[in-house]
Ligand code: SDX
């Protein structure tokens with residue numbers, strides 16, 4: 001019993017850590033960031049305000065938010081020698097591979113002067129990561145299409161600034177539909193944190209050794225890339241493209257039920273949510289609004305809706321409590337915003353950086369911080385004696 005919520009002893013014995021950042025009730029479909037329901041934050045907040053909330057534990061006053069936004073805005077640049085780091089990659093390398101490498105290399109630029117036990121420097125490292133992630137992400141994308149990097153414009157807010165770095169070309173002004181930055185900001189809020197998911201647990205485990213925050217977040221990016229985790233949004237689009245048209249949905253459902261097919265419905269299922277993912281509900285509604293506001297009719301949305309409808313009626317999925325998760329509709333919105341498919345998981349990483357740094361800060365590497373040490377169930381051989389080569 002934590003005084004707020006009561007957990008069964010079995011849960012308490014397997015819990016990886018204690019954290020005050022995010023609370024999930026998988027059966028009730030509840031998601032709270034520092035006690036605030038995701039639905040209310042999605043409706044009223046901004047990604048940067050949510051980043052502040054996750055890091056500091058309280059909503060900022062107007063003055064606190066102004067200072068925070070100023071700090072982030074003035075740490076968005078990346079050094080030219082860091083940008084040149086990209087030149088060493090194959091031009092068509094996956095952006096997640098480039099992002100992971102470049103973020104890890106931040107330690108070569110900033111770690112030497114970083115005393116991670118000093119709260120001010122820990123805060124600065126967190127600000128640098130939140131500020132630079134969009135700049136690095138956009139630079140990876142521009143490198144992969146052979147375009148010159150665009151520098152972050154301090155006059156723009158966080159998401160608009162990112163979209164400019166992604167799509168602006170010197171030859172003509174960038175026309176951004178007003179809904180684009182708002183939709184992106186909402187997607188970033190919904191992806192900002194999610195308790196002890198695989199990538200956040202990775203960041204905490206690496207952080208528990210006293211490793212620098214850049215190495216911790218690079219490890220989180222690597223974990224997020226997997227198709228069972230953050231890579232699912234890219235995999236959902238590929239799956240919908242493979243299904244092709246709504247009349248092929250039945251075949252896909254049957255294939256997903258056949259264990260030997262190795263095919264799973266990407267964007268379905270969740271380790272914790274066993275009724276519905278509250279983020280998926282919000283994203284589903286936003287998907288229709290964004291496509292409507294943009295005047296886009298994406299046949300993939302028809303396929304997605306048909307797939308969802310069929311799966312939710314099928315006993316295989318009902319028995320296994322498999323419902324659409326946060327990744328099921330997000331890719332369709334990213335596609336409508338002209339974000340390329342291979343950048344979808346990079347978008348997830350930009351947003352989840354807020355959660356990763358909040359957990360890293362919460363872990364507060366102090367002399368009595370315990371190093372993470374997961375245990376195992378040993379299934380190997382019992383004790384036995386060595387057998388010399390000539391006796392084998
Ligand atoms: C994210 O942890 C987090 O919070 C993650 C995340 C976050 O914000 O950080 O929410 C983000 O990662 C969302 C999940 C994105 N991944 C996908 O959409 C990939 C497809 N989903 C699955 O791989 C799977 O559902 C997981 C990984 C998400 C959850 O897996 P579980 O809970 O470990 O379930 P399982 O693999 O043990 O499967 C249970 C049963 C199995 O069948 P049986 O052996 O019981 O007969 O359900 C089946 C599975 O075969 N199953 C699926 C399925 N997911 C599970 N069958 C078809 N399609 C699926 N998607």
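Check the range 298-306 and report whether any residue there is closer than 30 Å to residue 164 by Cα and within 18 Å of the chain's Cα centre (by Cα).
Looking through the range 298-306, none of the residues is closer than 30 Å to residue 164 by Cα and within 18 Å of the chain's Cα centre (by Cα).
Which of the helices (runs of 4 or more DSSP H) found entirely inside the range 148-210 contain at least 1 residues meeting this: within 15 Å of the ligand (Cβ to nearest atom) and crowded, with 23+ Cβ neighbours inside 10 Å?
Once the helices (runs of 4 or more DSSP H) in the range 148-210 are filtered for at least 1 residues that are within 15 Å of the ligand (Cβ to nearest atom) and crowded, with 23+ Cβ neighbours inside 10 Å, what remains is 178-191, 198-207.
Considering each residue of the range 1-34, count those that are over 27 Å from residue 206 (Cβ atoms), free of Cβ contacts under 8 Å to residues at least 24 places away in the same chain and surrounded by 12 or more Cβ atoms within 10 Å (Cβ to Cβ), and give that number.
1
Output yes when any residue across the range 327-335 is within 13 Å of the ligand (Cβ to nearest atom) and closer than 23 Å to residue 49 by Cβ, and no when none is.
Yes - at least one qualifying residue is present in the range 327-335.
Among the residues that make up the range 219-237, is at least one of them modelled with pLDDT of 95 or more, assigned to a loop (DSSP other than H, G, I, E, B) and under 20 Å from residue 24 (Cα atoms)?
No, the range 219-237 contains no residue that is modelled with pLDDT of 95 or more, assigned to a loop (DSSP other than H, G, I, E, B) and under 20 Å from residue 24 (Cα atoms).
List the helices (runs of 4 or more DSSP H) inside the range 26-108, counting only whole elements, that have at least 2 residues being modelled with pLDDT of 95 or more.
Answer list for the range 26-108: 38-44, 47-56, 62-73, 95-105.
If we scan the range 280-301, do we find a residue that is under 29 Å from residue 205 (Cα atoms), in contact with a strand residue (DSSP E or B) (Cβ under 7 Å, 6 or more places away or on another chain) and modelled with pLDDT of 90 or more?
The answer is yes, given that some residue of the range 280-301 is under 29 Å from residue 205 (Cα atoms), in contact with a strand residue (DSSP E or B) (Cβ under 7 Å, 6 or more places away or on another chain) and modelled with pLDDT of 90 or more.
Out of the range 257-297, which residues are outside any loop (DSSP other than H, G, I, E, B), within 24 Å of residue 339 (Cβ to Cβ) and either within 11 Å of the ligand (Cβ to nearest atom) or under 19 Å from the mean Cα position of the chain (by Cα) (or both)?
Once the filter is applied, which keeps residues that are outside any loop (DSSP other than H, G, I, E, B), within 24 Å of residue 339 (Cβ to Cβ) and either within 11 Å of the ligand (Cβ to nearest atom) or under 19 Å from the mean Cα position of the chain (by Cα) (or both), the range 257-297 yields 268, 278, 279, 280, 281, 282, 283, 284, 286, 287.
Of the residues 5, 47, 65, only one is in contact with a strand residue (DSSP E or B) (Cβ under 9 Å, 6 or more places away or on another chain) and over 24 Å from residue 211 (Cβ atoms); which?
Being in contact with a strand residue (DSSP E or B) (Cβ under 9 Å, 6 or more places away or on another chain) and over 24 Å from residue 211 (Cβ atoms) holds for just one of 5, 47, 65, which is 5.
The values are calculated or read from the model by the stated rules, or taken from the named source; none is laboratory data. Since we're looking at a predicted model, the values are computed, not measured. Backbone-built Cβ (ideal geometry, glycine too); neighbour counts: all protein chains shown.
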